[in-house]
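J.: After the C-alpha cells below, expect a handful of questions from me.
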Amino acid sequence: MITVRALILVTATVAAAGLGAAFIPTAPATAFNALYAQNCAGCHGADGTGGAARGLVDAVYLATADDRVVRDVVARGVPQTAMPAFAETAGGALSDDQIDAIVQALRSRGADAGQSGALHPPPYAAVTPGEAVRGGEAFATFCARCHGADGRGGPGAGSIVDPAYLTLVSDQSLRTTIIAGRPDLGAPDWRGNVPGRPMSDRDVSDIVVWLAARRVP
C-alpha cells in the first residue's frame with residue numbers, strides 16, 4: 001500500500017525534476033481554436049459567423065478577400081476602426097506562424113461553409129473610381145428599400161449614415177459589407193438586393209463614395 005508520505009515524496013521528486021508540467025496537456029501555440037477564442041471570438045462570434053463585427057467563416061467574404069488581404073488585416077489591423085493590429089511587429093501578441101494558422105484555418109472553414117471558388121464577386125479593392133452622384137442613384141436602386149431613401153433607416157434595416165457608425169468603419173469596410181453582406185444581420189450580399197441584378201464594381205464604388213461623403217468631419 002502506498003502511504004501518504006510516499007505520495008508526497010514522489011510528487012516532490014517529480015516537481016524538483018521539472019516534470020510536473022508533463023502532466024498538464026497544452027495546445028500547440030498555433031492551435032486555431034485557442035487562437036481564435038482568445039483573439040477573434042469577442043467581435044466575430046464564437047463560431048465565426050458574426051457578432052459585433054462581420055463573420056469570417058463566410059464563403060462570400062473569403063471569395064472577396066484573398067489570403068494576403070486576410071493576413072494583412074489580422075496582422076496590421078484597420079486604422080481608425082475598432083480592428084486592432086495583432087502582429088508582434090505592430091505591437092500585438094501574435095507571431096507570424098500564429099497569424100498564418102488563423103488565416104489557413106479560416107480559409108479551410110470558409111470552403112466548408114460554401115463553394116467560394118464558384119463565386120465571382122466584385123473585387124476586394126475598387127477597380128472603378130466612385131462618384132457620389134451616381135452613388136446616390138445606386139443607393140436608391142439597391143439599398144433604399146431597407147435603409148430608407150436618405151439612408152437614415154427604413155422598414156428593413158437601420159441607419160447606414162449614422163455619424164457614429166461611419167466614424168467606426170473604413171471605406172474598405174463599407175465596400176466589403178456591400179459586397180459580402182452581413183448574413184448574421186439579414187443583409188444580403190451583392191447579388192441579393194435586386195432580384196436578377198447583381199451589383200457591379202462601379203455600383204459598389206459609387207455607393208461607398210456616397211456614404212463616405214456623409215461622414216462628419
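J.: Checking Leu174 against (1) in contact with a helix residue (DSSP H, G or I) (Cβ under 8 Å, 6 or more places away or on another chain); (2) within 17 Å of Pro198 (Cβ to Cβ); (3) surrounded by 18 or more Cβ atoms within 10 Å (Cβ to Cβ), which single condition isn't satisfied?
T.: (2)
J.: Name every residue in region 184-208 that is assigned to a helix (DSSP H, G or I) and surrounded by 21 or more Cβ atoms within 10 Å (Cβ to Cβ), in order of residue number.
T.: Asp203, Val204, Ser205, Asp206, Ile207, Val208
J.: Another question, if that's okay. Just to be sure I understand, how many residues within region 108-144 are at pLDDT 95 or above and in a helix (DSSP H, G or I)?
T.: Count: 12.
J.: Which pairs do you get when a residue that is among the polar types (S, T, N, Q), found in region 186-209, comes within reach of a residue that is not in a helix (DSSP H, G or I), reach meaning Cβ atoms under 7 angstrom, with the pair 6+ apart or on two chains?
T.: Asn193/Cys143; Asn193/Met199; Ser200/Pro122; Ser205/Ala126; Ser205/Thr128; Ser205/Pro129; Ser205/Gly130
J.: Another question about this same structure. From the list Ala132, Ala164, Ala125, which one is of a type in the set (Gly, Ala, Ser), surrounded by fewer than 19 Cβ atoms within 10 Å (Cβ to Cβ) and farther than 26 Å from Gly45 by Cα?
T.: Matching residue, one of Ala132, Ala164, Ala125: Ala132.
J.: Of the residues that sit in region 80-96 and are touching a Ser or Thr at 6+ places or on another chain (Cβ under 9 Å) and assigned to a loop (DSSP other than H, G, I, E, B), which one is nearest to Ala41 (Cα to Cα)?
T.: Among them, the one singled out is Met83.
J.: From the residues in region 35-66 that are touching a His at 6+ places or on another chain (Cβ under 9 Å) and part of a helix (DSSP H, G or I), which one is nearest to Thr177 (Cα to Cα)?
T.: Residue satisfying both the conditions and the ranking: Ala63.
J.: Could you check how many residues of region 1-34 are in a helix (DSSP H, G or I), at pLDDT below 55 and not hydrophobic (A, V, I, L, M, F, W, C)?
T.: Summing the residues that are in a helix (DSSP H, G or I), at pLDDT below 55 and not hydrophobic (A, V, I, L, M, F, W, C) in region 1-34 gives 4.
J.: For Ala63, only one of the following conditions fails: (1) in contact with a Ser or Thr (Cβ under 6 Å, 6 or more places away or on another chain); (2) at pLDDT below 95; (3) exposed (fewer than 13 other Cβ atoms within 10 Å of the Cβ). What is its number?
T.: (3)
The values are calculated or read from the model by the stated rules, or taken from the named source; none is laboratory data. Just so it is clear, the structure is predicted and the values come from calculations on it, not from any experiment. Here Cβ is always computed from backbone atoms with ideal geometry, including for glycine, and neighbour counts include all displayed protein chains.
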